[in-house]
Amino acid sequence: MNKKESKVAVVGAGVIGCSWAAYYAVHGLQVNVCDIQEGYQEHARERISVLAAEIPNADVKMAVKQLSFFTSVEEAVAGVDLIQENGPERKAIKQQMFADFERYAPEDALLVSSSSGIVPEDLSVRMKTPERALIGHPVNPAHLLPVVEICGGKDSPKALVEQLENFYRDCGRVTATLNKPIEGFVTNRLQTALVREAIHLVGKGVVNVHDLDQLFMASLGVRWASIGPFLTGQLGGGTGGFRGIAEKILTPLFTSMGYEPVSGETLDMLEQQTTEYYPMDKMKEFAKVRDERQKAVLDIQKNHPLPNKT
C-alpha cells in the first residue's frame, strides 16, 4: 500500500476522530471524515486544522486539502484502504457500523475501531466476515502520542493483523500488538489499575490529591516516561534481574498488601522474556539511556512548571 496514495475514512468526528483525521491528513493520506450530526463539517474542519498545527513540521494548508466531509457512511467508505471508527463506546452502535462497513467498503479495506475496550468479537456479531473486525486503539491525543494498540479477533488471520501493523508503521506510529483480545486492552487496564489505587489512597485519607500527583510526577511518571515496568525491574534486580526483584521485593509487598504471590511458572515466563528483550550483559547500556531520558523529563518539568492554584 502506497501511503501517499492511500485513502482512509474516519467515521465519527468527535475528539478522537478529529485527532486521527488531523494526523492522517498531515501525513499525506486522503481523509474522508464522516459524522451523522447535521452541520458538523465547519466545526470539524476548524478543529482538525487546530490539531494539525500541533503536529511538528505540519503543513496545515496541505493537510486541510486532504479532507473531504460526508454524512453518509456508504459514501464515505467507498474506495478506502482503511476505516478508523470512532463512534460512541456502545456495542449496539458499533455493531451496526461494522456491519455497514462490511457492506459498503472494499473487500480488502481494513476495518478498524478506536474502541477503548470493546473486543473484536463484540464488534463483529452482525458481520458475515467477523474476522475482519480489528482494533487500532490510540492514546489520547491520537495526533501527538505515537502508540497504537492493535488487536485482532480470535479468528483474524495473522496476515491481516500484520497488514494493519504495517499501515500504522508506514504512517509513523508505534505499534503494540496484543496476542489475544481482552476487555479494556492493555493501556486502559494499566491506567485503570493505577487510577483505582490512587482513588483508594486518597479516599482512605492516606494522602491528598495534590501530594499524590506530586509524588507521581517526581517518581513513577519520570521513570515510566523513560522505560517500562519490566525493564525497570530488570535493572533494579541487580544480578538477579527481574526475577531477583520479584522474589526479594515484590513478593513480600504483594503479601503485605493482600495480593496473591506470583506463581513459579509465571516467574519462569517473565524471567525468560525479560532476559530475551533486555539481556543482562546490556544493563549498563540500558541504564545509561534510562538516566539520560529521566534527566530530560525532569528538565522539561522544571522548564514548564504547573500554574499556581491562585
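Taking each residue of region 77-92 that is over 16 Å from HIS137 (Cβ atoms) and looking for partners that are assigned to a helix (DSSP H, G or I) and acidic (Asp, Glu) with beta-carbon atoms closer than 8 Å, six or more apart or interchain, yields VAL77/ASP100. Within region 117-136, if we keep just the residues that are assigned to a strand (DSSP E or B) and free of Cβ contacts under 8 Å to residues at least 40 places away in the same chain, the residue that is farthest from ARG189 (Cα to Cα) turns out to be ALA133. Of the residues in region 118-129, none is in the same structural domain as CYS34 (by TED's automatic domain parsing), within 25 Å of ARG47 (Cα to Cα), at pLDDT 95 or above and in contact with a strand residue (DSSP E or B) (Cβ under 7 Å, 6 or more places away or on another chain). For beta carbons closer than 8 Å, sequence separation of 6+ or different chains, a first residue in region 98-116 that is within 14 Å of VAL73 (Cα to Cα) and a second that is hydroxyl-bearing (Ser, Thr, Tyr) and modelled with pLDDT of 95 or more, the qualifying pairs are PHE98/SER113; PHE98/SER124; GLU102/THR129. Selection of region 22-38 for residues being out of contact with any Ser or Thr (no Cβ under 6 Å at 6 or more places or on another chain) and farther than 17 Å from GLU75 by Cα yields ALA22, TYR23, TYR24, ALA25, VAL26, HIS27, GLY28. Taking the criterion of being among the small types (Gly, Ala, Ser) and either outside any strand (DSSP E or B) or exposed (fewer than 15 other Cβ atoms within 10 Å of the Cβ) (or both), the residues of region 137-159 that qualify are ALA142, GLY153, SER156, ALA159. Among the residues of region 237-253, those identified as surrounded by 15 or more Cβ atoms within 10 Å (Cβ to Cβ) and either free of Cβ contacts under 8 Å to residues at least 12 places away in the same chain or of a type in the set (Val, Ile, Thr) (or both) are GLY237, GLY240, GLY244, ILE245, THR251. The listed residues are GLY172, GLY184, and the only one of them that is under 30 Å from SER19 (Cβ atoms), in a loop (DSSP other than H, G, I, E, B) and in contact with a Gly (Cβ under 6 Å, 6 or more places away or on another chain) turns out to be GLY184. The criterion of at least 3 residues that are crowded, with 18+ Cβ neighbours inside 10 Å is met, among helices (runs of 4 or more DSSP H) falling completely within region 1-74, by 15-26, 41-53. Quick one: in region 178-200, which of the residues that are surrounded by fewer than 16 Cβ atoms within 10 Å (Cβ to Cβ), touching a residue at least 24 places away in the same chain (Cβ under 8 Å) and β-branched (Val, Ile, Thr) is nearest to LEU145 (Cα to Cα)? Here the answer is VAL186.
Return the residue satisfying two criteria in turn: it lies in region 75-118 and is under 18 Å from CYS171 (Cβ atoms) and hydroxyl-bearing (Ser, Thr, Tyr), and of such residues it is surrounded by the fewest Cβ atoms within 10 Å (Cβ to Cβ). Residue satisfying both the conditions and the ranking: SER114. For region 200-234, the tally of residues that are assigned to a helix (DSSP H, G or I), in contact with a helix residue (DSSP H, G or I) (Cβ under 6 Å, 6 or more places away or on another chain), hydrophobic (A, V, I, L, M, F, W, C) and assigned by TED's automatic domain parsing to the domain that holds LYS284 stands at 2.
Residue by residue, here is whether (1) touching a Gly at 6+ places or on another chain (Cβ under 9 Å); (2) closer than 20 Å to VAL147 by Cα; (3) aliphatic (A, V, I, L, M) holds:
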| site | (1), (2), (3) |
| --- | --- |
| SER6 | yes, no, no |
| ALA21 | no, yes, yes |
| ALA44 | yes, no, yes |
| ALA53 | no, yes, yes |
| ILE83 | no, yes, yes |
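Every residue, every condition in (1) surrounded by 14 or more Cβ atoms within 10 Å (Cβ to Cβ); (2) of a type outside the set (Val, Ile, Thr); (3) under 27 Å from the mean Cα position of the chain (by Cα); (4) not in a helix (DSSP H, G or I), yes or no:
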{"site": "THR255", "(1), (2), (3), (4)": "no, no, no, no"}
{"site": "GLY258", "(1), (2), (3), (4)": "no, yes, no, yes"}
{"site": "GLN272", "(1), (2), (3), (4)": "no, yes, yes, no"}
{"site": "GLU276", "(1), (2), (3), (4)": "no, yes, yes, no"}
{"site": "ASP281", "(1), (2), (3), (4)": "no, yes, no, no"}
{"site": "GLU285", "(1), (2), (3), (4)": "no, yes, no, no"}
{"site": "ILE300", "(1), (2), (3), (4)": "no, no, yes, no"}
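All of (1) assigned to a helix (DSSP H, G or I); (2) surrounded by 15 or more Cβ atoms within 10 Å (Cβ to Cβ) hold for GLU162 with one exception: (2).
The values are calculated or read from the model by the stated rules, or taken from the named source; none is laboratory data. Here the structure is a predicted model, which means the values were calculated and not measured. Cβ: placed from backbone, ideal geometry, glycine included. Neighbour counts: every protein chain shown.
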